[in-house]
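Data first, discussion second: the structure below is written as structure tokens.
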Amino acid sequence: MKMRIQSTLGPFPKNNRRTNTSRGLPCTRPPLERMKKIYEALLAGRYPNSCSLALELEVSAQTTKRDLEFMRDRWNLPIVYDPIRHGYYLRQQIGQSPRPSVAPAQAFALLLLG
């Protein structure tokens, strides 16, 4: 008699894509690519909010909030929330797109991952 072992972990995602465990969505964009899309939406003056960004980027609203906080705090972007328009905007014009500083060891690790 054969015994069948049933996994309690559930099915694994197909095509080896990571998933957002809170919602079971595939992670389709790496963080820097997400932040680039957020930055483009801010430059375009669309007044995106965390929910609209989450739908567009296929991540949770909390992830987009963390991305916006990171961009504001680490990249020193003048990102402000407008409660009347229910979205974020850039308080002042930016001369050039932000360039994250990367240590040589981090750059090497990124090359290995890419």
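What follows is calculated from the coordinates using simple rules that are stated; it is not laboratory data. Worth saying up front: this structure is predicted, and the values here are computed from it rather than measured. Note: ideal-geometry Cβ built from the backbone for every residue, glycine included; neighbour counts use all protein chains shown.
Counting only residues 5 or more places away or on other chains, whose amide H sits under 5 Å from the amide H of Gly87 once H atoms are built in the peptide plane?
Correct list: Asp82.
List, in order, the whole-Hz ³J(HN,Hα) value for each residue of region 56-73 obtained from phi through the Karplus relation with A = 6.51, B = -1.76, C = 1.60 and θ = phi - 60°; use x for Gly and Pro.
Each residue of region 56-73 in turn: 5, 8, 6, 9, 7, 4, 5, 5, 5, 5, 5, 4, 5, 5, 4, 5, 6, 7 Hz.
Taking 0.36 nm per residue of sequence separation and subtracting the Cα-Cα distance, how much length would be gained by fully extending the chain between Asp82 and Ala61, in nm to one decimal?
Working: separation 21, 0.36 × 21 = 7.56 nm, distance 1.70 nm.
Stretched fully, the Asp82-Ala61 segment lengthens by 5.9 nm.
Across region 76-86, in residue order, what do the Karplus-derived ³J(HN,Hα) couplings come to in whole Hz, using 6.51 cos²θ - 1.76 cosθ + 1.60 with θ = phi - 60° and x for Gly and Pro?
3J(HN,Hα) across region 76-86, in whole Hz: 6, 7, x, 8, 10, 8, 9, x, 6, 8, 6.
Please work out the FRET efficiency for the pair Arg91 and Leu32, using the Cβ-Cβ distance as r and a Förster radius of 22 Å; give the result to the nearest 0.05. Before the final figure, lay out each step's value.
Working: r = 23 Å, r/R0 = 1.04.
Calculated transfer efficiency: 0.45.
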